[in-house]
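Novice: Mind looking over this structure? Questions follow.
The values are calculated or read from the model by the stated rules, or taken from the named source; none is laboratory data. This structure is a prediction, so every number in the text was calculated from the model and none was measured. Quick reminder, even Gly has a Cβ in these numbers, built from the backbone with ideal geometry, and neighbours come from all protein chains shown.
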Amino acid sequence: MKIALVTFDLDGTLLDTAPGTVRAVNRTLETLRLAPLAPQAITGCIGHGVQRLFRQILAVAIPGLQGVRLDERLADALPVFFHHYEELLSSPGPLYPGVASGLARLRRAGVRTAVVSNKESRLARRLLSSAGITECFDLVVGGDTLAECKPHPLPLLYCLEQLDVAPRRAAHVGDMSIDIEAARRAGLAAWVVPYGYQARVSLLHAAPDRVFASIAALADHVIDGAPVARHRNAELTNTN
């Protein structure tokens, strides 16, 4: 059955926000008089929302920090991080190749689209606006929009309800296994792009339904039925 709705993860799927996140994290650590972390250590924490990201960052930056002390340091660190991150929102990372053209094709074809991110909704909307693609989406769901966030299916089920689309006619695309899990639990097709923030081998093990080299290729498949690789595509067997 023809796909009527595609929901998109944001970070690592539409926008390369990792460099900005790395800068904001290390500026925050500097403000807190902590040593900066390597970019890879920070990028590996992206995808689960800011609270979890910075909880993981602090656990690495301050070995042995846990429990109440971790909660206290987190409460101090988050306002500092949001301050530094807000400074970067006006110039977000670039759109990945094929995103702009793919979204435009989907919209012209009448396919409904939504963003489902674990990032706070105000930050997600600011990033989309700065990237000039806000009008490409019918709906934006952030990590604080509902009581649950990915990999819980609630955000995707909410999109289906709001846009009046049956699960069998929808797909969710992301760059991480939590996107695959959320799609499966909500009854949507689980699609991925291989250029994001999770190692390709682990994406392979999560067995997505489809692998797209770009959002443009995804649009070709949705609109024209262009053939596309399933999850055992050799492209995913190389690690990031």
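Novice: Hey, any hits in segment 24-34 for a residue that's out of contact with any Gly (no Cβ under 8 Å at 6 or more places or on another chain), touching a residue at least 12 places away in the same chain (Cβ under 8 Å) and closer than 30 Å to residue 157 by Cβ?
Specialist: No: segment 24-34 contains no residue that is out of contact with any Gly (no Cβ under 8 Å at 6 or more places or on another chain), touching a residue at least 12 places away in the same chain (Cβ under 8 Å) and closer than 30 Å to residue 157 by Cβ.
Novice: Okay, moving on. Only residues that are among the hydroxyl-bearing types (Ser, Thr, Tyr) and either modelled with pLDDT of 95 or more or in contact with a Phe, Trp or Tyr (Cβ under 8 Å, 6 or more places away or on another chain) (or both): list them for segment 1-30, please. Walk me through it before giving the result.
Specialist: Step one: list which residues in segment 1-30 are among the hydroxyl-bearing types (Ser, Thr, Tyr), which gives 7, 13, 17, 21, 28.
Across segment 1-30, the qualifying residues are 7, 13, 21, 28.
Novice: Can you pull out the residues in segment 86-109 that are more than 27 Å from residue 24 (Cβ to Cβ) and outside any loop (DSSP other than H, G, I, E, B)?
Specialist: 101, 102, 104, 105, 106, 107, 108
Novice: While we're here: Taking the stated definitions as given, is residue 31 among the polar types (S, T, N, Q) and surrounded by fewer than 16 Cβ atoms within 10 Å (Cβ to Cβ)?
Specialist: Yes.
Novice: Any idea how many residues of segment 131-184 are over 23 Å from residue 20 (Cα atoms) and part of a strand (DSSP E or B)?
Specialist: Looking only at that region, the number is 4.
Novice: Name the residues in segment 193-215 that are small (Gly, Ala, Ser) and either buried (at least 17 other Cβ atoms within 10 Å of the Cβ) or part of a loop (DSSP other than H, G, I, E, B) (or both), would you?
Specialist: From segment 193-215, those small (Gly, Ala, Ser) are 196, 199, 202, 206-207, 213-214; that's our starting set.
If the condition is that a residue be small (Gly, Ala, Ser) and either buried (at least 17 other Cβ atoms within 10 Å of the Cβ) or part of a loop (DSSP other than H, G, I, E, B) (or both), then 196, 199, 206, 207, 213, 214 are the ones that fit.
Novice: Right, another one. Any residue that is part of a helix (DSSP H, G or I), farther than 14 Å from residue 9 by Cα, in contact (Cβ under 8 Å) with a residue 40 or more places away in the chain and over 15 Å from the mean Cα position of the chain (by Cα) - is there at least one of those in segment 110-127?
Specialist: No - not one qualifying residue is present in segment 110-127.
Novice: Hey, another quick one. In segment 22-57, which residues are over 25 Å from residue 9 (Cα atoms) and of a type outside the set (D, E, K, R)? First the steps, then the outcome.
Specialist: Restricting attention to segment 22-57, the residues satisfying the condition of being over 25 Å from residue 9 (Cα atoms) are 27-37.
Listed by number, the residues that qualify are 28, 29, 31, 32, 34, 35, 36, 37.
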